[in-house]
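The values are calculated or read from the model by the stated rules, or taken from the named source; none is laboratory data. What you are looking at is a predicted structure, and each value in this text was computed from that prediction instead of being measured. Don't worry about glycine lacking a Cβ; one is built from the backbone with ideal geometry, like all the others, and counts go over all protein chains shown. What goes into the accessible areas is simple: the full protein's heavy atoms, side chains included, and nothing from ligands, DNA or RNA. Shrake-Rupley method; radii C 1.70, N 1.55, O 1.52, S 1.80 Å.
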Amino acid sequence: IAVKGGRRMPAPEPDPMQIIPRGDRTRLEIDVVGIRDGAGWQPASGRATLLVDGHLLGIHAGDRVRIFGQLASPSAARNPGEFDFAQHARADRQRSVLRSEYTDCVSVVDRASGLTPWQLLDALRTGGEGLLWRHLDVRHAGLATALLLGDREELGAKQTAGFQETGTAHLLAISGLNIGIVVLTLAWLLRMARVPPVRAAVILAVVAVGYTILTDAQPPVVRAMILVLVWTASQLLRRRALPFNALAAAGLVVLALNPAELFRVGTQLSFLAVAGLMWLAPAWFGRQTDPVDKLVEETRPWLSRSIRRSVRSARHMTFLSAAIWALALPLVMARFHLFSLVAIPLNTLLWLPVGAALVSGYALLALGWLCPPVGVVAAWVCNISLWAIDTGIDLARVVPLGHVWVPGPPEWWLVGFYGALGLFAAVPRLRPPRRWAVALLAAWSGVGFAAAKMSEKPPLECTFLSVGHGSAVVLALPSGKTMLCDAGCFGSPYRGAKSIAECLWQRGVTHVDAVVLSHADADHYNALPELLGRFSVGVVYVSPMMFFDENYPLKHLREAIATAGVPMRELRAGDVLDGGEDCRIEVLHPSGRGIVGNDNANSLVLSVEYRGRRILLPGDLEPPGLDDVMAELPLDCDVVMVPHHGSRRSNPPGLAAWCTPEAAVISGGLDPDPTATEAAYRDSGVKVFNTARLGAVRVTIEPGGVSMCSFRESEW
């Protein structure tokens, strides 16, 4: 049964690094009532998300539908530091995802009967979205639906990334700003219409509740709704509203609706920002103005007074923006790995266009269908405001050092920082003098940096990341340097880069000393352009045959490396890289001229040796290149990465006999091919780790020997 109408998810912008282009999709929330088992149906219950390729039209809340698709669990974290989508969905009581390749796989069995409140809300939301898309420029309609109705599905990945990098992502969340604009505008109109205060308070409360339900009762909106209800109740009862008590009541309501919100960063940031405003605003705006200064101000010309008031308002906004930015910065760095200094002035500059976009957008939604001329004017103002927002974001995004990617502080540091902050806010007599507060903050920050630098790390650590059908291997060398061997995946290059980046940040890495690209298959390099924007890189090593047959993705790769100012050098058989004390990284293949064969046959093969232990990294090596390598004297190794993601063309029995490993790691997806390959290695007495099932696999070489563990099955 459809919970609400489908939501369109636009295709990503064309990306030369995307191996398989993806088109538009539709997202539909459903309540499952049955699952077919053979010829019969078994009763079932629970909520799931349906993703359909294409545009799924004509389905509304309450419709009973039959779906032919693939049922799976949401993606769980597979790598250290990675966001866990499965836990996030579980917090919303969702344990399954349905995927269908064609819209014909979804058919309506019965239409909804009658008119329920949920159907009415769905109709209002769908009608509002249609109104925005009809009246606004298509380049800004997606942003309008996010700002006004909370539907971010219409936004492209590039546009969303711009808001994140500039520290303005909170504008995309339906929050207290939205409900504040609605309530304040309506309160002004009611006052102009001379509506009695009691009746006006009731109208404002009803509108606040209705808007909250219309926007899916997201936690920031629920918080704002409770604050409005407390304020309207104080007006009716003629009692003074206590801000922090109202905020505490909002927190209790949010947790009663969903206790898991306590652990969500969006909810944490929302309440943190409002608490900061309640704490700082009275101290800043409550200052008494000198009567003489006030008298002098009143004697100035109106234009001078207006300019001075505007400058004063901008100063107040900048101060509050900077204060909230600093208050939320540690949490933002820990969860999003961003230090966005440009957010302070940008939030002040965007205040006017955001306010204008919200007022004109809500006017369009409320009156555009009733009075078309008003809708035309509102749409014109909204279009200009949205253009100003998009332009400001695009300009701020390219400001040098406007945003920097950082590892972020550990959990214990966050607990100490916000715990002390909460204690000082709740118990004023415990607050130290300002000078001491600054000293304590500096000392606590120093403790965090020192702990990160002094954390004990093994001499050599090799992490095979789980990126699906692709390859990314992080080498932490005894010299303290970090090397990345391959960086790509068969799916979204952005998702692949995010997995790699989060693993590096989890290790505290901000600089990658060397990147080695084994060969010219995109699933081994397509995440590198995105990574070059998040990390500084010392050098990129490639095979002599890497750009022999240069296509458009390879050209884009070369341009991205050149734009980042990273030198690129070739590696060939016989070259040796220094990994630090007792660590030797030798190139076994190919020669400078390469061999006759495809890209896989010319893959770089690295032998990483430390204190008599060896890891073999052969990329996608296959015949005739594999035959050339195995024609040399046998090379005993402890761990081998199975070539070509476990393909049978990698000659599993022959390679296992040639290098005699104790363990083999397959970096790939869950397809039938590795099954026979795994069996061949196990028959040779080799323990097999598959990243598709086990998540990331870590190999540690210490003086005591070699140890291995997987992200999902052991203590990481």
Let me understand segment 155-285 better: what is its radius of gyration from the alpha carbons, and its Dmax, in angstrom? 15.9, 49
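For segment 561-693, compute the orientation-averaged projected area of the C-alpha convex hull (one quarter of its surface), in nm². The partial results should precede the final answer.
Values: hull surface 37.7 nm².
Its Cα hull, projected and averaged over all orientations, spans 9.4 nm².
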How would segment 396-537 be classified by its alpha-carbon gyration tensor: rounded, prolate or oblate, with rounded meaning a/c under 1.5 and the a/b versus b/c comparison settling the rest? prolate
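Based on the mean of other Cβ atoms within 10 Å per residue, sort peptides 418-425, 34-41, 507-514 so the most packed one is first. Don't jump to the answer; show the numbers that get you there.
Details: 418-425: 13.9, 34-41: 9.1, 507-514: 17.8.
Listed from highest to lowest mean packing, they are 507-514, 418-425, 34-41.
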In whole angstrom, how far apart do the alpha carbon centroids of segment 417-440 and segment 534-592 sit? 51
Can you classify segment 101-224 as rounded, prolate or oblate using the Cα gyration tensor, where a ≥ b ≥ c are the square roots of its eigenvalues, rounded means a/c under 1.5, and otherwise it's prolate if a/b beats b/c and oblate if not? oblate
All-pairs Cα distance distribution in segment 48-177, expressed in whole percent, bin size 5 Å: 2, 8, 12, 15, 21, 21, 13, 6, 2, 0
Going by alpha carbons, how many degrees (0 to 90, nearest 10) lie between the helix axis of 197-214 and the longest principal axis of the chain? 20
Can you give me the Kirkwood hydrodynamic radius for segment 532-602, using every pair of distinct Cα atoms, in Å to one decimal? 13.8
Using only Cα positions of segment 27-75, each an equal point scatterer, no hydration layer, compute I(q)/I(0) via Debye at q = 0.25, 0.27 Å⁻¹ and quote the log10 values to two decimals. -1.20, -1.33
Divide the volume of the convex hull of the Cα atoms of segment 626-716 by its number of residues and quote the answer in cubic angstrom per residue. 93
Could you tell me the relative contact order of segment 66-109? Use alpha-carbon pairs under 8 Å, at least six residues apart, and round to a whole percent. 53
Work out the charge dipole of the chain with +1 on the Cβ of Lys and Arg and -1 on the Cβ of Asp and Glu about the Cα centre, then indicate which of Met225, Phe263, Ile615 is farthest towards its positive end. Met225
Hydrodynamic radius by Kirkwood, which averages 1/r over all alpha carbon pairs of the chain, in angstrom: 29.0
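To the nearest 20 debye, what is the magnitude of the charge dipole of the chain about its Cα centre, counting +1 on the Cβ of each Lys and Arg and -1 on the Cβ of each Asp and Glu? Don't jump to the answer; show the numbers that get you there.
Working: 66 positive and 64 negative charges, 873 e Å.
Computed about the Cα centre, the dipole is about 4200 debye.
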Ordering 49-56, 100-107, 319-326, 192-199 by per-residue average of other C-beta atoms within 10 angstrom, highest first, gives 49-56, 319-326, 100-107, 192-199
Does anyone have the angle between helix 138-149 and the longest principal axis of the chain? Alpha-carbon axes, 0 to 90°, nearest 10? 70
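Share of antiparallel DSSP beta bridges in the chain, in percent to the nearest 5? Before the final figure, lay out the partial values.
Details: 61 of 87 bridges.
Just about 70 percent of them are antiparallel.
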With every protein chain in place, the accessible area of Arg66 for a 1.4 Å probe, in Å² rounded to the nearest 10, comes to 120
For the ranges 134-143, 605-614, 678-687, 438-447, what's the packing order if you count other beta-carbon atoms within 10 Å of each residue, average per peptide, and put the highest first? 605-614, 134-143, 678-687, 438-447
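Of Lys498/Lys555; Lys555/Lys687; Lys481/Lys687; Lys453/Lys687, which sit over 31 Å apart, Cα to Cα?
Flagged as over cut-off: Lys555/Lys687; Lys453/Lys687.
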Helix 493-506 versus the longest principal axis of the chain: what angle, 0 to 90°, nearest 10, using Cα atoms? 90
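Taking only the Cα atoms of segment 318-400, how large is their convex hull per residue, in Å³?
On the way: hull volume 8.7 nm³, N = 83.
For segment 318-400, the hull spanned by Cα atoms encloses 105 Å³ per residue.
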In the chain, if the dipole is taken from +1 on Lys/Arg beta carbons and -1 on Asp/Glu beta carbons about the Cα centre, which of Phe548, Leu633, His60 is farthest to the positive end? His60
Would you compute, from DSSP H runs of 4+ residues alone, the mean residue ellipticity of the chain at 222 nm, taking -39500 (n - 2.57) per run and dividing by the full residue count, rounded to the nearest 500? -15000 deg cm²/dmol
Which distance in Å, rounded to a whole number, links the C-alpha centroids of segment 487-519 and segment 16-59? 31
Considering Cα pairs under 8 angstrom that are at least six residues apart, work out the relative contact order of the chain and quote it in whole percent. 9
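Hull surface divided by four, with the convex hull built on the Cα atoms of segment 211-260: how many nm²?
Details: hull surface 14.2 nm².
Mean projected area for segment 211-260: 3.6 nm², to one decimal.
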Set Lys and Arg Cβ to +1 and Asp and Glu Cβ to -1, take the dipole of the chain about its Cα centre, and tell me which of Ile20, Trp444, Ala476 lies farthest positive. Trp444
